[in-house]
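See below for the structure under consideration.
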Amino acid sequence: MRIPRAGSSPEQEAMLLLHQCNTLDHLRQVQALILKSSLHRHPFLLAKFLRRCFSLPSPEALPYGLSLFHHHPNPDGFLCNTAIAAHLRAGRPAESLRLFRHMQRLAITVDSFGVSLAVQGGAGCRDARAGCVLHGQAAKRGFSADVFVQTALVEMYAKTGGISMARQLFDEMPRRDLVAHNVMLGEYVSCGEIAAARKLFEEMPSRDLVSWNTMIHGLAVSGDLAGAREIFERSRERDVISWSSMISGYARRRLPGEALELFREMQVAGVSPDKVTMASLLSAAGDLGALATGRMIHDYVNKNRMEMDVKLDTSLLDMYAKCGDIESSLVVFERMNERDVFAWSAMIAGLANHGRAEYALELFSEMLSQGVEPNGSTFVGVLSACNHAGLVSRGRAYFNSMAGVHGIAPTIEHYGCLVDLLGRAGHLHEAREVIMAMPVEPDAVLWRALLGACRVHKNLELAREAAIELVKMEPWVEGHYVLFSNVLAQASRWDGVAGVRRTMKESGIKKVPGSSSVEVDGVVYAFIAGDRSHPRSEEIYAMLDEMNWSTGKKLTGDVAGAVEDDDFSGWSNESELAS
DNA sequence: ATAGGGTTAG
């Protein structure tokens with residue numbers, strides 16, 4: 001910290017020093033100076049001090065500044081606005097509203113900036129009532145032509161469910177600047193009105209990166225990746241957000257290859273990825289089961305000292321779990337200092353998929369005892385853990401606790417787990433009852449689970465019912481016919497087996513070989529049953545025989561080739577350089 | 001004042 005020069009007034013010294021404060025420590029030193037010079041009543045200085053406090057990145061600076069603010073004997077409107085804005089930035093809209101009301105009670109003059117902040121607070125808490133009251137006040141105070149106030153109102157109405165009211169207000173604005181357009185565009189995207197967003201986007205008098213990126217993201221989340229890509233290609237300027245929006249769009253739509261390919265192009269274009277890009281890439285790598293790729297992304301994050309957060313950690317632990325490295329997944333999870341419902345759910349599902357049901361359920365109780373509320377996805381993991389471990393009564397209990405304790409309506413995924421759990425355990429009729437009584441339409445997965453259970457527990461009658469439903473829903477899936485004919489063969493109903501074969505032949509259904517894939521040394525190999533295309537297939541089958549896993553089936557169909565997973569040209573070089 | 005990321009049955 002610079003020592004104040006002698007000769008200038010203490011006020012000037014303090015003001016100068018404030019500008020140089022980059023940490024809370026620095027601010028505390030200046031505060032000591034202010035107190036020593038009895039300047040703590042100096043309104044302008046204190047306001048400057050608090051503004052500096054509120055703008056520091058340190059998480060302790062905000063409460064520190066607020067506590068000082070609350071001791072201020074007579075704060076003016078300007079200072080109050082600063083504090084309200086600080087609450088908004090900290091993601092505490094309710095507090096910002098509270099402070100605004102407090103300010104009104106003290107009869108402090110409210111300017112248009114204060115009103116616009118309060119309206120943002122109302123939008124943040126989805127408080128339509130507060131929003132309407134503020135709208136009235138804004139009109140009374142003559143802020144009907146203020147762009148900031150009107151833009152905030154547009155956002156508030158959209159976020160509290162009144163998108164058409166928002167549009168009406170937007171249209172009535174005497175002057176609509178670029179930000180107002182972008183807000184309207186973003187709100188259309190948020191409420192899923194992608195056609196309206198597109199129309200507005202095309203009609204806008206001018207567009208900036210925010211407009212383009214909002215549109216790319218909107219189209220991508222609406223599932224229209226081709227449309228998103230079109231806008232992406234049309235945009236002249238592309239920043240890390242444009243690329244990340246496109247990449248996450250592919251990753252979310254389970255097109256991990258496209259996501260990784262676009263990342264390669266992003267590097268060629270010379271745009272540096274950040275932690276948000278990394279999170280999407282990890283999810284793509286997990287989808288592919290590409291452990292080497294996942295590790296490379298992890299290394300990149302470490303080497304570039306990217307700041308970790310819950311989202312990045314969750315995608316990291318999920319990647320490791322999906323790639324079979326559950327130990328690394330647990331290491332990440334245990335290292336995390338903040339765990340939200342997403343992190344817990346991902347870890348629980350990962351353990352469940354690795355057959356570690358007991359540990360998964362243990363984590364679930366730990367999550368509850370820490371006061372983290374589960375959501376629907378959490379229960380998918382919990383039920384799937386019960387399923388893998390054959391824990392029927394506990395599974396039932398967890399299922400019932402969803403609605404009973406946590407107020408979560410089970411969806412088709414949960415019913416799927418339950419039916420599978422009951423069916424595998426031999427409770428075929430109970431499984432069928434669940435399907436019949438559920439408030440949602442059964443899908444093929446449910447009937448397929450029941451049919452599979454019927455095969456294991458040899459129930460021809462129920463199998464027939466399930467098979468009929470399956471063929472009604474998905475007549476093109478050859479697996480359904482094959483599975484049912486297996487049940488028939490088991491019961492020595494050879495006439496039936498022949499009948500199924502005939503039906504398949506008549507409807508032109510062929511058995512397509514399914515394939516699996518595994519990554520070895522960064523190369524993903526796809527293979528089919530009986531595949532002998534690998535140069536060392538003799539060794540592989542010898543090992544399978546040794547492990548008694550070989551089905552003994554003969555080679556069928558064509559051979560799927562190896563897919564290169566390791567073609568990140570320049571990746572390792574760049575991370576070396578950047579480290 | 002406005003834009004991007006993580007979990008989800010078989």
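A compact table of results
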{"item": "Probe 1.4 Å - accessible area at A:Asp111, Å² to nearest ten", "result": "60"}
{"item": "Using distinct alpha-carbon pairs, which all enter the 1/r mean, Kirkwood radius of the stretch A:430-512 in Å", "result": "13.0"}
{"item": "With every protein chain in place, chain A: carbon and sulfur % of accessible area (1.4 Å)", "result": "54"}
{"item": "Packing rank of A:344-351, A:270-277, where each peptide gets the mean count of other beta carbons within 10 Å, highest leading", "result": "A:344-351, A:270-277"}
{"item": "Accessible solvent surface per residue of chain A, calculated while the other protein chains remain in place, 1.4 angstrom probe, Å²", "result": "51"}
{"item": "Sequence of A:Phe113, A:Phe232 from largest to smallest accessible area, 1.4 Å probe", "result": "A:Phe113, A:Phe232"}
{"item": "Dipole magnitude of the stretch A:153-277, debye to nearest 20 (Cβ charges: Lys/Arg +1, Asp/Glu -1, about Cα centre)", "result": "220"}
{"item": "Difference of contour (0.36 nm per residue) and Cα-Cα distance, A:Ser507 to A:Glu334", "result": "56.9 nm"}
{"item": "Potential lengthening between A:Val310 and A:Phe78 on full extension [0.36 nm per residue; Cα-Cα distance subtracted]", "result": "80.0 nm"}
{"item": "Förster-model FRET efficiency, 35 Å R0, A:Glu539 and A:Glu362, C-beta, rounded to 0.05", "result": "0.30"}
{"item": "Net dipole in debye of the stretch A:430-512 [+1 Lys, Arg Cβ; -1 Asp, Glu Cβ; about Cα centre; nearest 20]", "result": "500"}
{"item": "Gain in span if fully extended, A:Ala226 to A:Arg89, counting 0.36 nm per residue against the direct Cα distance", "result": "45.8 nm"}
{"item": "Two-site label geometry, A:Ser401 and A:Lys199: point separation in nm, points 7 Å out along Cα→Cβ", "result": "4.9"}
{"item": "Exposure ranking of A:Val405, A:Val240, A:Val301 by accessible area [1.4 Å probe, largest first]", "result": "A:Val405, A:Val240, A:Val301"}
{"item": "Helix-only CD estimate at 222 nm, as mean residue ellipticity for chain A, using -39500 (n - 2.57) per DSSP H run (n ≥ 4)", "result": "-21000 deg cm²/dmol"}
{"item": "Kirkwood Rh in Å, taken over chain A so that all alpha-carbon pairs contribute", "result": "28.9"}
{"item": "Heavy-atom SASA rank of A:His102, A:His135, A:His70 (probe 1.4 Å, accessible area, largest first)", "result": "A:His70, A:His102, A:His135"}
{"item": "Estimated inter-spin distance, A:Ile412 and A:Arg126, nm [label 7 Å along Cα→Cβ]", "result": "2.5"}
{"item": "Spin-label zone in the stretch A:58-100 - amide nitrogen under 14 Å from a point set 7 Å from the Cα of A:Thr23 along the C-beta vector", "result": "A:58-61"}
{"item": "Accessible surface of A:Val392 - all protein chains present, 1.4 Å probe, nearest 10 Å²", "result": "20"}
{"item": "Range of Cα positions in the stretch A:261-325 per principal axis (Å), largest first", "result": "33, 24, 17"}
{"item": "Semi-axis lengths, Å, the stretch A:168-308, gyration tensor of Cα atoms, sqrt of 5 times eigenvalues", "result": "31, 15, 12"}
{"item": "The stretch A:196-273: C-alpha gyration tensor shape, a/c 1.5 cut-off, then a/b vs b/c", "result": "oblate"}
{"item": "Residue among A:Leu421, A:Ser377, A:Ser365 farthest towards the positive dipole end of the stretch A:365-463, charges placed on Cβ", "result": "A:Leu421"}
{"item": "Cα lying deepest toward the dipole's positive end in the stretch A:430-512, options A:Ala453, A:Ala437, A:Val487, charges on Cβ", "result": "A:Val487"}
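The values are calculated or read from the model by the stated rules, or taken from the named source; none is laboratory data. Note that this is a predicted model, so its numbers are computed, not measured. Using ideal geometry, Cβ is built from the backbone for each residue, glycine included, and neighbour counts are taken over all protein chains shown. Just so you know, the surface numbers come from the protein's heavy atoms only, side chains and all, with ligands and any DNA or RNA stripped out. Shrake-Rupley method; radii C 1.70, N 1.55, O 1.52, S 1.80 Å.
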